[in-house]
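K.L.:
Once you've had a glance at the structure underneath, I'll fire off some questions.
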Amino acid sequence: DELIPAAERFNLIASVDRWVVRQALEHLAHRSDSLVNPYTVTISISGNSLNDDRFLEYLIAELSARQLSPGAICFEITEIAAIANLGNVGHFMRELHARGCWFALDDFGRGLSSFQYLKNLPVDYLKIDGQIIETVASDPVSRSMVQAIASIGKAMGVRTVAERVESSEVLAELGALGVGFAQGFHIAKSQSR
């Protein structure tokens with residue numbers, strides 16, 4: 001809660017993003033079974049880095065130096081960051097998607113959600129905002145919003161993920177609405193290594 005806002009305020013977030021990427025890629029490269037049993041590491045990227053051509057060049061160089069399975073890395077970006085500069089972000093995503101990276105659009109439904117821009121972004125996952133998910137079992141508007149997102153995701157071949165799932169009631173409702181994945185305290189508590 002304190003590190004990221006401070007890093008953004010003092011224009012250090014690109015350094016943080018680079019460090020996180022380097023650590024994740026080194027971890028994947030040292031997994032001897034990663035090519036046999038591939039898994040995905042999701043890395044959140046700041047809006048500032050999405051608009052930095054040097055950061056894109058850095059990522060391309062780092063990815064080229066390693067042999068990773070397609071989908072080993074999934075970059076998570078917020079919906080607000082994606083639409084803030086759609087042209088740059090689209091270019092960023094297409095370049096890395098072509099190199100086997102996946103993309104998750106985080107907090108979908110929180111901001112200025114528009115299904116139209118999704119047509120132009122190579123998104124693999126839509127992560128439905130937790131504020132909508134919290135009330136999906138009790139609020140007909142939240143239920144309708146989740147149902148619409150799940151339907152659009154299915155039509156586009158994009159997987160949907162519900163954030164902040166904290167009860168079996170909410171999980172059951174999400175299953176009925178066709179949401180493919182869930183994360184939250186009902187599924188598992190946060191863990192550190």
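K.L.:
Output the residues belonging to segment 65-78 that are within 14 Å of Arg22 (Cβ to Cβ) and either acidic (Asp, Glu) or open to solvent by 30 Å² or more (accessible area, probe 1.4 Å) (or both).
P.N.:
Ala65, Arg66, Leu68
K.L.:
Follow-up. Does segment 1-23 hold any residues that are part of a loop (DSSP other than H, G, I, E, B) and among the basic types (Lys, Arg), and which are they? Quick ask: steps written out before the conclusion?
P.N.:
Step one: of segment 1-23, the residues part of a loop (DSSP other than H, G, I, E, B) are 1-2, 10-12.
Result: no residue meets the conditions.
K.L.:
For segment 93-108, how many residues meet the condition of being charged (D, E, K, R) and more than 9 Å from the chain's Cα centre (by Cα)? Give the steps one after another, and end with the answer.
P.N.:
Step one: filter segment 93-108 for residues charged (D, E, K, R), giving 94-95, 99, 106-107.
Next, from what is left, pick out any that are more than 9 Å from the chain's Cα centre (by Cα): 94-95, 99.
Residues flagged as charged (D, E, K, R) and more than 9 Å from the chain's Cα centre (by Cα) within segment 93-108 amount to 3.
K.L.:
Looking only at segment 110-166, how many residues end up being open to solvent by 80 Å² or more (accessible area, probe 1.4 Å), modelled with pLDDT under 95, touching a helix residue (DSSP H, G or I) at 6+ places or on another chain (Cβ under 8 Å) and polar (S, T, N, Q)?
P.N.:
Going through segment 110-166 one residue at a time, the tally reaches 1.
K.L.:
Before we move on, is Glu26 open to solvent by 60 Å² or more (accessible area, probe 1.4 Å) and either modelled with pLDDT of 85 or more or part of a loop (DSSP other than H, G, I, E, B) (or both)? Break it down stepwise before answering.
P.N.:
Details: open to solvent by 60 Å² or more (accessible area, probe 1.4 Å): yes; either modelled with pLDDT of 85 or more or part of a loop (DSSP other than H, G, I, E, B) (or both): yes.
Answer is yes for this residue.
K.L.:
If you check Ala172, Ala148, Ala176, which single one turns out to be part of a helix (DSSP H, G or I) and closer than 21 Å to Gln116 by Cα?
P.N.:
Working: Ala172 fails: closer than 21 Å to Gln116 by Cα; Ala176 fails: closer than 21 Å to Gln116 by Cα.
From the options Ala172, Ala148, Ala176, the qualifying one is Ala148.
The values are calculated or read from the model by the stated rules, or taken from the named source; none is laboratory data. What you are looking at is a predicted structure, and each value in this text was computed from that prediction instead of being measured. FYI the Cβ positions are ideal-geometry reconstructions off the backbone, even for glycines, and counts take in every protein chain you see. What goes into the accessible areas is simple: the full protein's heavy atoms, side chains included, and nothing from ligands, DNA or RNA. Shrake-Rupley method; radii C 1.70, N 1.55, O 1.52, S 1.80 Å.
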